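Asker: The structure's right below; bear with me while I get my questions together.
The values are calculated or read from the model by the stated rules, or taken from the named source; none is laboratory data. Remember, predicted model here, so these are calculated numbers, not experimental data. No Cβ is skipped: glycine too gets one built from the backbone with ideal geometry, and neighbour counts run over all protein chains shown. Heads up: the accessible areas ignore ligands, DNA and RNA and are worked out on the full protein's heavy atoms, side chains in. Shrake-Rupley method; radii C 1.70, N 1.55, O 1.52, S 1.80 Å.
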Amino acid sequence: MRIAVIPAAGLGKRFGGKKQFFKVYDKLIVEYPIEIFSKNSLIDGIILVLPEDELELGGELKKKYKKILSIVPGGTERQYSVYKGLLEAREYKPKEVLIHDGVRPVVEYSKVEELVVALSDYEADGVILGVRPKETVKEIGTPLEPGDFLIRRTLDRDRLILVQTPQIFKFEVLLECHERALKENFLATDDSALLEKYGFTVVSIPGDYKNIKVTTKEDLEIVKVFLK
């Protein structure tokens, strides 16, 4: 069994509201990935992680999208929200799990299959999506005025990728990594970083530049163009 966990419990402080519930073309942002996974035969079920005060809305989504197995209240950090989703998913005994940000609405249907195939072909513990940075990337040093920094060095773009979701993992491996991180009070910005920390194998395959994460109002305008 293969389950998708969609963490969508953020408060959207930088955005100015819970961006996952903003409507684009009469559909909530979080509905776009739900719809893609619902139509994909490689996904057997969805665990949706929402803010505790939005569980009623989650119930409405569950009625609309039959592949949603459970609605789970999120944690104070993304990592804790994913962990709660994994604990709920464990009841269904999945072999593999996809993790996808609820604020990435532009998901190519084909990427799910590519992730599934790569996890098997490479015999990896996890597979992620990544795109090459187009701009020059520099490491910053001492802060000066707000937003100003001394530059330390220029990084080699050929050795860097910008990481996206969905990401796919062997379920028991990801659950183990989350539990170890919880005991050690270790926080990461994505799930693959947990596998890296504990010595598991992660492979990157090509992502999609349109698959952006809605973080600011400017991102929302770009997403509208892609979805149209």
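Asker: Can you find even one residue in the stretch 127-135 that is out of contact with any helix residue (DSSP H, G or I) (no Cβ under 7 Å at 6 or more places or on another chain), in a strand (DSSP E or B) and within 25 Å of V30 (Cβ to Cβ)?
Answerer: Yes - at least one qualifying residue is present in the stretch 127-135.
Asker: Still on this structure: State all residues of the stretch 138-177 that are more than 24 Å from N40 (Cβ to Cβ) and in contact with a helix residue (DSSP H, G or I) (Cβ under 6 Å, 6 or more places away or on another chain); if no residue qualifies, say none.
Answerer: C177
Asker: Looking at the stretch 194-205, which of its residues are more than 22 Å from G85 (Cβ to Cβ) and surrounded by 13 or more Cβ atoms within 10 Å (Cβ to Cβ)?
Answerer: T201, V203, S204, I205, listed by residue number.
Asker: Determine whether the stretch 111-124 contains at least one residue that is under 22 Å from V223 (Cα atoms), modelled with pLDDT of 95 or more, assigned to a helix (DSSP H, G or I) and open to solvent by 10 Å² or more (accessible area, probe 1.4 Å).
Answerer: Checked the stretch 111-124: at least one residue is under 22 Å from V223 (Cα atoms), modelled with pLDDT of 95 or more, assigned to a helix (DSSP H, G or I) and open to solvent by 10 Å² or more (accessible area, probe 1.4 Å).
Asker: With touching a residue at least 60 places away in the same chain (Cβ under 8 Å) and out of contact with any Cys (no Cβ under 6 Å at 6 or more places or on another chain) as the only criterion, which of I128, I222, I140, I151 stands out?
Answerer: It is I128.
Asker: Which pairs have Cβ atoms under 7 Å, sit 6 or more apart or on different chains, and link a residue in the stretch 37-49 that is modelled with pLDDT of 95 or more to one that is surrounded by 20 or more Cβ atoms within 10 Å (Cβ to Cβ) and of a type in the set (F, W, Y)?
Answerer: Note: pairs meeting the criteria are I43/F37; I46/F37.
Asker: Now for a different question. What number of residues within the stretch 192-206 are under 16 Å from K111 (Cβ atoms) and of a type outside the set (S, T, Y)?
Answerer: 3
Asker: I've got another one for you. Any residue that is under 20 Å from the mean Cα position of the chain (by Cα) and surrounded by 14 or more Cβ atoms within 10 Å (Cβ to Cβ) - is there at least one of those in the stretch 131-140?
Answerer: The answer is yes; a qualifying residue exists.
Asker: Pull up the stretch 12-53, narrow it to residues that are surrounded by 13 or more Cβ atoms within 10 Å (Cβ to Cβ) and of a type in the set (S, T, N, Q), then point me to the one that is nearest to the chain's Cα centre (by Cα).
Answerer: Ranking the candidates gives Q20 first.
Asker: Of the residues I205, I161, only one is in contact (Cβ under 8 Å) with a residue 24 or more places away in the chain and closer than 16 Å to H100 by Cα; which?
Answerer: After ruling out the rest, the residue left standing is I205.
Asker: So, of the residues in the stretch 177-193 that are under 14 Å from the mean Cα position of the chain (by Cα) and farther than 22 Å from V117 by Cα, which turns out to be most open to solvent (accessible area, probe 1.4 Å)?
Answerer: Per the criteria, the residue is T189.
Asker: Give just the number: which of (1) of a type in the set (V, I, T); (2) surrounded by fewer than 18 Cβ atoms within 10 Å (Cβ to Cβ); (3) in contact (Cβ under 8 Å) with a residue 60 or more places away in the chain does I99 not satisfy?
Answerer: Of (1) of a type in the set (V, I, T); (2) surrounded by fewer than 18 Cβ atoms within 10 Å (Cβ to Cβ); (3) in contact (Cβ under 8 Å) with a residue 60 or more places away in the chain, only one is false for I99: (2).
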